[in-house]
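Notes for the one structure printed next.
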Amino acid sequence: MKSRVYLIVLLLLLPLQASLFGPLLLGGIAPDLGLAVLYCIGLLAGPVEAALAGVFIGLIQDVGSANLIGFSGLTRGVVGLFAGVLGKRVLDIQSPSNIVILFVFCLAESLLSALFLEITYGSVPLMGLFFGRMVPRAITTALVGYVFLRLMADKNVLAWLLRRGLQKEL
């Protein structure tokens, strides 16, 4: 994909996350738009671009949420790398199995974050967080990511983005 598409995604990610999903909190849980967009980028662009996009998306979200700077960049980079590998070698972009894979990615990232907090700060209620926050967030993120992929497929955005990528390679 082109660099201006990435710039637009990076500039609009936090405002869209806050304005679209802020009012739609279900039990205090909002889907993670950044992870859903990163998964889509991984399926479309490949492992290297997705890993770099993941690092930048994670850093932007860390700065926007006053989180530990760099940790989300690291985890999002790994998620982007794996999504890119799956997109290049295994998955069909329009397959419903993307819901399950995105659910697993979101859950794995949440577990990694919770384990990091357990190691550094100690006394994190892992089971309560797992069933009370992580699983519902992973479900909503997976559904939002799949809807996002379906909308892109229905509006021929996928064909446009893939065609631009093919032109760049030729």
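The values are calculated or read from the model by the stated rules, or taken from the named source; none is laboratory data. Predicted, not measured: the structure shown is a model, and the values here were computed from it. Note that each Cβ is placed from the backbone with ideal geometry, even for glycine, and that neighbours are counted across all protein chains shown. Protein only, heavy atoms only, side chains kept; ligands, DNA and RNA dropped before computing areas. Shrake-Rupley method; radii C 1.70, N 1.55, O 1.52, S 1.80 Å.
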Of the residues in region 84-140, those that are acidic (Asp, Glu) and open to solvent by 40 Å² or more (accessible area, probe 1.4 Å) number 2
Just to confirm my filter: which helices (runs of 4 or more DSSP H) fall fully inside region 1-110 and include at least 2 residues that are more than 20 Å from Val147 (Cβ to Cβ)? 3-21, 47-65, 71-89
Does region 111-134 include one or more residues that are in a helix (DSSP H, G or I) and closer than 30 Å to Arg4 by Cβ? no
Log entry, pairs with first residue in region 128-150 being more than 13 Å from Leu102 (Cα to Cα) and modelled with pLDDT under 90, second being open to solvent by less than 50 Å² (accessible area, probe 1.4 Å) and outside any helix (DSSP H, G or I), beta carbons closer than 9 Å, six or more apart or on different chains, reads Gly132/Ile29; Arg133/Gly28; Arg133/Ile29
When region 47-68 is examined, which residues are found to be buried (at least 20 other Cβ atoms within 10 Å of the Cβ) and either closer than 17 Å to Leu143 by Cα or at pLDDT below 85 (or both)? Gln61
For the list (1) at pLDDT 85 or above; (2) farther than 17 Å from Asp32 by Cβ; (3) surrounded by 14 or more Cβ atoms within 10 Å (Cβ to Cβ); (4) over 17 Å from the mean Cα position of the chain (by Cα), I need the number of the one condition that Leu81 fails. (4)
